[in-house]
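One structure below.
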Amino acid sequence: MQNTFPWQRVVVKIGSALIAPEKQGCSSRYLLAIAQFVVRCRAQGIQVILVSSGSVAAGAHLFPDHDNKSIKIKKAMAAAGQTEMMATWDRFFDFPTAQILLTHGDLRDRERYVSIRDTIFSLLDNNILPIINENDTVTTDALKVGDNDNLSAMVAAAADADSLIICSDVDGLYDQNPNLHPDAKLISWVADIDASIYAMAGGATSDVGTGGMRTKIQAAEKATSHGITTFIVNGFKESSFNLLLEGKNPGTQFQPYDSPMQEKLHWMTHTSKAQGEVVISGDVPSPDAGGQLHLTSDEIKEVHGDFTVGDTILLVTDDGTKVAKAKSNYSSCLLNFIAEQDDEAFVSEFQHRTGPIISADDYAPLEKK
Ligand code: GLU
């Protein structure tokens, strides 16, 4: 019978309400149990990565006008609070910790993503605990992940983790909002994340951080599709971590996909951002047996956005269905040129000489929701 935590590399996501529950700087009140979990995992040879929110919540008390939540002030709070938060974590451990600050702009760039992966692996190989947060001070609306739930799933995928534990302020996913419905039932096992699961998550949000149950489900979807077992647990209860160490599920457990997506296609689907769209008339053709996707000028109905060679694009049918994300070997300018041609023989010859618009290795079909 299973009686220990059975995974080998775990990402634990800790929200702002656990770091700074009174909004008066960092507090060890809830972090001690989490730190003990980290120590006990590592003692069993399990590698741990923390994704810790809380820089804004930890830094707020340093500003006289801490109710001022303008973007400018929040960025300053994040800069000041991040050092306090790292110092708080560091005090719990007698092994070294390392800070990694990321934005979505870093994660969606393939080269930077691979560099982040390499750094995480090097830290783990040297028994250093990575502690990751979004770099709120430098990020902008266009470049941010926006919530650390989704960030933790991207990190778990980048780090090839086999489990993700998302700490919440409730015991897990309920069939309705437990703060409003006392008879709400805890869902302990989710085999498949579909629209009914999103409906249960509703729009519940936290009053300290930016995430809610919905972003936790999005994170679980990203992680399980990469083969990562995901839990939503109550981070305020020490018993959650004791149960996890006994190999038990204290909250909601999400089953990973049987055949996880290949790493690069997972990155394209869940982490990279489409820089443009190609609207296709009729059905979107799949790459051919030689792994190439060519398009006729008739098939390219519209090209939206300004993208360059190597950017991720969305392939969409004219009824708006998103069919695939893919790396484009052609710029938007060249695709517009192809779409304008009347001579299909020229278009075909052009692509055979220049190369396919998309290669199968860079083509990620999107499931219809
Ligand atoms: N990065 C934010 C912070 O450190 C938190 C984002 C979130 O709460 O999900 O304050």
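A short reminder: the numbers here are calculations on the coordinates, not readings from a lab. Predicted model, so just to flag it, every value in this text is computed and none were measured. Heads up, the Cβs are rebuilt from the backbone with ideal geometry, glycines too, and the neighbour counts pull from every protein chain shown.
Here are the numbers for the structure shown:
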{"quantity": "Between region 150-188 and region 275-322, the Cα center-to-center distance that results, in Å", "calculated": "35 Å"}
{"quantity": "Rounded to 10°, Cα long-axis angle of helix 344-354 versus longest principal axis of the chain", "calculated": "50 degrees"}
{"quantity": "Size of electric dipole in the chain: Cβ of Lys, Arg +1 and of Asp, Glu -1, about Cα centre, debye, nearest 20", "calculated": "1560 debye"}
{"quantity": "Residue-count net charge about F92 - beta-carbon cut-off 15 Å; Lys, Arg +1, Asp, Glu -1", "calculated": "0"}
{"quantity": "Estimated dipole of region 1-134 in Debye, rounded to 20 [Cβ of Lys and Arg +1, of Asp and Glu -1, Cα centre]", "calculated": "260 debye"}
{"quantity": "Calculated from backbone phi, Karplus (6.51, -1.76, 1.60) coupling profile of region 257-274 in Hz, x at Gly/Pro", "calculated": "4, 5, 10, x, 5, 4, 3, 5, 6, 5, 4, 5, 6, 9, 10, 6, 10, 5"}
{"quantity": "Among G212, F241, M261 the positive-end extreme of the charge dipole of region 172-295 (Cβ point charges)", "calculated": "F241"}
{"quantity": "Cβ-based charge dipole, the chain, positive-most Cα from P21, N135, A345", "calculated": "P21"}
{"quantity": "Unsatisfied cross-links (Cα-Cα over 18 Å) in the set K222/K264; K74/K216; K216/K327; K13/K216; K75/K216", "calculated": "K74/K216; K216/K327; K75/K216"}
{"quantity": "L243, L18, L295 arranged by Cβ crowding within 10 Å, fewest neighbours leading", "calculated": "L243, L295, L18"}
{"quantity": "222 nm mean residue ellipticity, helices alone, for the chain (DSSP H n ≥ 4; -39,500 (n - 2.57); rounded to 500)", "calculated": "-10500 deg cm²/dmol"}
{"quantity": "Charge tally in the Cβ shell below 14 Å around A191, where Lys, Arg are +1 and Asp, Glu are -1, A191 excluded", "calculated": "-4"}
{"quantity": "Surrounding net charge for A142, when Lys and Arg each add one and Asp and Glu each subtract one, Cβ distance under 12 Å", "calculated": "+2"}
